[in-house]
Amino acid sequence: MSTDADFEIYVVTAPGLESVLCAETQAKGFREPTPGKGGVTLKGGWPEVWRANLELRGATRVLARVAAFRAFHLAQLDKRARRVPWAEILRPDVPVRVEASCKGSRIYHAGAAAQRIERAIREELGAPVSDEAAVVIKARIDDDLCTISIDTSGESLHKRGHKEAVNKAPMRETLASLFLRQCGFDGREPVVDPMCGSGTFVIEAAEIAAGLNPGRSRSFAFEQLASFDAAAWQRLRGTGDGVTPTVRFHGSDRDAGAVSMSRANAERAGVAGFTEFRQHAISDLTAPEGPPGLVIVNPPYGGRIGDTKQLYPLYHALGQTLLGGFSGWRVGLVTNEASLAKATGLPFAPPGAPVSHGGIRVTLHQTGPLP
């Protein structure tokens, strides 16, 4: 497990968006990305782990797979867990905790499995075990194969470190970035979000256009590991200072609180110079000057705000406004019910797979350029 040795890196994402994250990892030059259920597997060493946390917008967390072995009973798990080169991975002065899961295995008691691994770490390395530890080791025993991973992210990666203010039912940054990518957004066209909430889509689009790393303002669990190289990390962090986009990013909302919240969040993210937020109703929405781009919107939906029927007029009004004034623009709309998307009257292509957003299954509906 030395700094340059290759191992498997597992990048977790929202189920349903694995192939979109896989495309992002390819674009960022990561090696051998392979999509699977709930994430993408990469190959690399610790520098790639740091870079994945810093640069990947669609990643929820990054797990370093540090060991895998067969274990048919707890005594065997105990013995093999002691052979993991913990001193190369963990620091003896930093508390850890172990989370275990067992599926289709002779070891079926996850709590007992976690205790054995914690004891192995405590006795072999001397590191303290604590329920509040920021460093989490995940052990998965599946079909008698025990895979041990370190959660290198800490707090979920959608927490970029810029957003203090959030609206109810906010779109997570990680999800917003993947939906933008699915819509073909690459930072070179304007974006409009007519129901911007706390500004997530607009700010995310502006950051992509400016070439800013999503993890630039926060800390990570890997900084507490034995494998961490502070100087190399500082050099890596220094990349991606950003450029000034040639287009602007626009958000509006009928709620004045949402608009001031979005402005404050854009300011903290360093993108206030090329984002614009206004307070007005959907019916007063007009296309900004200049070339057409992407309208992306996450309107209220039934199940999130209440009764679906009350929402039909809102969706209809949105569709009419876009058809009337946004010729040449593409539309991406996130909702949980096909009937709401249909109520817009927009020419949507068949939708992709549903994605879980705050426990609700939502789907991205897309159009080509509007007539």
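Tell me the net charge near Y315. Cut-off is 12 Å between Cβ atoms, Y315 excluded, with +1 for each Lys or Arg and -1 for each Asp or Glu. Don't jump to the answer; show the numbers that get you there.
Working: positive: K309, K342; negative: E337.
Result for the local shell: +1.
Within the chain, what's the longest stretch lacking GluC sites (Glu not before Pro) that sit in DSSP loops with no more than 12 other Cβ atoms inside 10 Å?
Details: sites that count: E132, E164, E289.
With GluC sites (Glu not before Pro) excluded where exposed in loops, the chain gives 1-131 as its longest stretch.
Relative contact order, percent, of the chain when contacts are C-alpha pairs under 8 Å separated by at least 6 residues? Present the calculation step by step, with values, prior to reporting the outcome.
Numbers: 782 pairs, mean separation 53.6, N = 371.
Relative contact order here is 14 percent.
Relative to the first principal axis of the alpha-carbon coordinates of the chain, what is the inclination of helix 256-269, with its axis defined by its Cα atoms, in degrees from 0 to 90 and to the nearest 10?
So the helix axis and the longest Cα principal axis differ by about 50 degrees.
With a cap of 16 neighbouring Cβ atoms within 10 Å, and only residues DSSP puts in a loop, list the chymotrypsin sites (Phe, Trp or Tyr not before Pro) found in the stretch 38-84. Display every interim value, and only then the final one.
Values: sites: W50, F69, F72; in loops: F72.
Within the stretch 38-84, the qualifying chymotrypsin sites (Phe, Trp or Tyr not before Pro) (loop, at most 16 other Cβ atoms within 10 Å) are F72.
Would you mind telling me the share, in percent, of accessible area of the chain contributed by carbon and sulfur at probe 1.4 angstrom? Present the calculation step by step, with values, prior to reporting the outcome.
Working: 7980 of 16070 Å².
After summing per-atom areas, the C and S share lands at 50 percent.
Please list, or write none, the lysines whose alpha carbon is within less than 26 Å of the alpha carbon of K309, excluding same-chain residues fewer than 8 places away.
The qualifying lysines are K168, K342.
Send over a whole-number figure in Å² for the accessible area per residue of the stretch 123-250, probe 1.4 Å.
Working: 5100 Å² over 128 residues.
Spelled out: the 1.4 Å probe surface of the stretch 123-250, per residue, equals 40 Å².
Can you find, among Q115, L180, V191, the residue sitting farthest towards the positive end of the charge dipole of the stretch 110-191, where Lys and Arg contribute +1 and Asp and Glu -1 at Cβ?
V191
Which angle from 0 to 90°, rounded to the nearest 10, does the C-alpha axis of helix 18-27 make with the longest principal axis of the chain?
It works out to around 90 degrees.
Fully extended, how many nm does the chain gain between S327 and T34 (0.36 nm per residue separation, minus their Cα-Cα distance)? Let's see the in-between values first.
Numbers: separation 293, 0.36 × 293 = 105.48 nm, distance 3.82 nm.
Result for the pair: 101.7 nm of gain on full extension.
Count the net charge of all other residues whose Cβ sits under 13 Å from the Cβ of K79, scoring Lys and Arg as +1 and Asp and Glu as -1.
Values: positive: R70, R80, R82, R83, R116, R119; negative: D78, E123, E124.
Combined, the nearby Lys, Arg, Asp and Glu give +3.
Compute the angle between helix 46-55 and the longest alpha-carbon principal axis of the chain, please, reported from 0 to 90 degrees and rounded to the nearest 10.
Tilt of helix 46-55: around 20 degrees.
Rounded, prolate or oblate: which fits the stretch 1-46, taking a ≥ b ≥ c as square roots of the Cα gyration tensor eigenvalues, rounded meaning a/c under 1.5, else prolate when a/b beats b/c?
Numbers: a/c = 3.10, a/b = 1.84, b/c = 1.69.
Prolate, since a/c reaches 1.5 and a/b exceeds b/c.
If Lys and Arg each add +1 and Asp and Glu each add -1, what is the summed charge of the other residues whose beta carbon sits under 11 Å from the beta carbon of E173?
Values: positive: R57, K159, R160, K163, R172; negative: E204, E207.
Once positives and negatives cancel, what remains is +3.
So which chymotrypsin sites (Phe, Trp or Tyr not before Pro) in the stretch 86-179 are both in a DSSP loop and have at most 12 other Cβ atoms within 10 Å of their Cβ? Before the final figure, lay out the partial values.
On the way: sites: W86, Y108, F179; in loops: Y108.
Of the chymotrypsin sites (Phe, Trp or Tyr not before Pro), the ones in loops of the stretch 86-179 whose Cβ has at most 12 other Cβ atoms within 10 Å are Y108.
Rounded if a/c is under 1.5, else prolate if a/b beats b/c, else oblate: with a ≥ b ≥ c from the C-alpha gyration tensor eigenvalues square-rooted, which is the stretch 160-220? Don't skip to the answer; put the middle values down first.
Working: a/c = 1.80, a/b = 1.11, b/c = 1.62.
Oblate shape, in that a/c is at least 1.5 and b/c is the bigger or equal ratio.
Under a plain spin-label model, where a point goes 7 Å from the Cα along Cα-to-Cβ, how far apart in nm are K43 and I360?
4.3
Treating cross-link reach as a plain straight distance, find the aspartates and glutamates whose alpha-carbon is under 16 Å from the alpha-carbon of K103, omitting any fewer than eight places away in the same chain.
Those aspartates and glutamates meeting the cut-off are D142, D143, D144.
³J(HN,Hα) across the stretch 111-126 via Karplus (A = 6.51, B = -1.76, C = 1.60, θ = phi - 60°), whole Hz, x for Gly/Pro?
Each residue of the stretch 111-126 in turn: x, 5, 5, 4, 4, 4, 5, 4, 5, 4, 5, 4, 7, 7, 10, x Hz.
Rounded to the nearest 500, what is the chain's calculated 222 nm mean residue ellipticity when only DSSP H runs of at least 4 contribute -39500 (n - 2.57) each, over all residues?
Working: 11 runs with 112 residues, N = 371.
One gets -9000 deg cm²/dmol as the mean residue ellipticity at 222 nm.
Apply the a/c threshold of 1.5 to the C-alpha gyration tensor of the stretch 257-324 and tell me whether it is rounded, prolate or oblate. Mind dumping the intermediate values first?
Details: a/c = 2.53, a/b = 1.37, b/c = 1.84.
It comes out oblate by the Cα gyration axes.
Alpha carbon centre of the stretch 210-268 versus the stretch 288-366: separation in Å?
27
The values are calculated or read from the model by the stated rules, or taken from the named source; none is laboratory data. What you are looking at is a predicted structure, and each value in this text was computed from that prediction instead of being measured. Please note: Cβ atoms are built from the backbone with ideal geometry, for glycine as well, and neighbour counts cover all protein chains shown. Side chains are part of the model used for accessible areas, which takes the heavy atoms of the whole protein and leaves out ligands, DNA and RNA. Shrake-Rupley method; radii C 1.70, N 1.55, O 1.52, S 1.80 Å.
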